[in-house]
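Worksheet: the structure to be examined is printed underneath.
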Amino acid sequence: MMYKESFAVVLQLLKKDLLSLKREYMTKFLETCFLLFTNCIVFGYFMQQMGVQASYGPFLAIGVISIFGLFEVIGKVSEMLMDMEGERTITYNLTLPISSSGLFCYIGCKWAITSGLIAVLLFPIAKLFLPRMDFSAFSYPKLILMFITIHLFYGYFSLWLASILKKMSNLGSLFLRVINPIFMFGAYFYTWVSLEKLSPTFAWITLINPIVYVLEGMRSAALGQEGHLPFWVCFFSLWGFIFVFASHAIYKLKRRLDCV
């Protein structure tokens with residue numbers, strides 16, 4: 001009976017959150033399309049005049065689709081911190097017939113769903129901006145698995161960051177201290193294999209960065225395995241990060257919100 005009640009609560013919460021997303025979906029989608037457009041035009045056309053290969057455009061397009069959720073992290077973290085410091089809607093939700101762990105897991109999944117619903121439509125938009133983009137190399141089963149995995153990772157990464165940041169004033173340093181470094185050293189502009197040729201030691205150090213597995217995994221599924229980290233290494237590594245971030249976030253949030 002408890003499981004049925006918890007499931008009903010989750011469905012109601014999801015319905016409410018999806019209705020909220022519906023109101024701002026088009027704005028967020030157009031903003032994301034503009035991010036994709038600028039990358040496709042600059043790296044797919046302009047940079048060819050400087051000797052960059054034509055294949056670099058599709059390479060960056062897959063990168064944009066993969067990395068979109070990372071740039072949503074700050075917004076999600078700020079949303080939760082503002083709630084915990086202000087209205088404390090989460091306190092009310094904790095009184096619902098659902099365990100605290102279940103509620104926190106729901107928040108991570110909710111964030112994964114909302115970002116995924118925007119990012120999934122970027123594939124045909126990328127084809128529109130880059131007509132020569134070849135979808136024949138796509139491994140659709142792997143692409144679906146990796147797409148779901150990376151958005152779950154972003155959801156629980158956001159939850160973890162919200163759990164360790166003590167107050168809203170700490171949010172200002174999040175981009176400079178966390179988001180930008182893991183983005184720049186996350187194989188967005190290059191492949192991990194090319195970095196290994198340049199500096200094997202530094203390349204192996206960057207394997208502690210989960211964004212490397214996000215980008216390498218998506219590109220191996222979309223562009224072919226050659227020249228990228230093995231798909232299954234990326235897949236299972238990301239699930240390891242999901243488990244660690246989710247477990248620690250739930251532990252920290254329980255203590256912070258006096259759930260234990």
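All of the numbers you see were taken from the coordinates with simple rules; none came from a lab. As the structure is a computational prediction, the values presented were derived from the model and not from experiment. Counting neighbours? That spans all protein chains shown, and the Cβs are built from the backbone with ideal geometry, glycine included.
Charging the Cβ of each Asp and Glu at -1 and of each Lys and Arg at +1, and nothing else, the dipole of the range 10-124 about its Cα centre rounds to 280 debye.
List the residue ranges in the chain for DSSP H helices whose C-alpha atoms run 27 angstrom or more along the long axis and whose Kyte-Doolittle average is -1.0 or above. Long hydrophobic helices here: 2-44, 56-85, 100-119, 140-164, 231-256. With a Cα cut-off of under 20 Å and a minimum spacing of 8 residues unless on different chains, the lysine pairs in the chain number 26. Taking the number of Cβ atoms within 10 Å of each Cβ as an exposure proxy, the fewest-first ranking of L128, L223 is L128, L223.
For the range 1-145, rounded, prolate or oblate, judged on the Cα gyration tensor with a ≥ b ≥ c (square roots of eigenvalues), a/c < 1.5 rounded, else prolate if a/b > b/c? Prolate, since a/c reaches 1.5 and a/b exceeds b/c.
Checking every one of the trypsin sites (Lys or Arg not before Pro) in the range 129-174 against DSSP loop status and a limit of 11 other Cβ atoms within 10 Å picks out R132, K166, K167. The largest-to-smallest principal axis extents of the Cα set in the range 2-74 are 62, 24, 19 Å.
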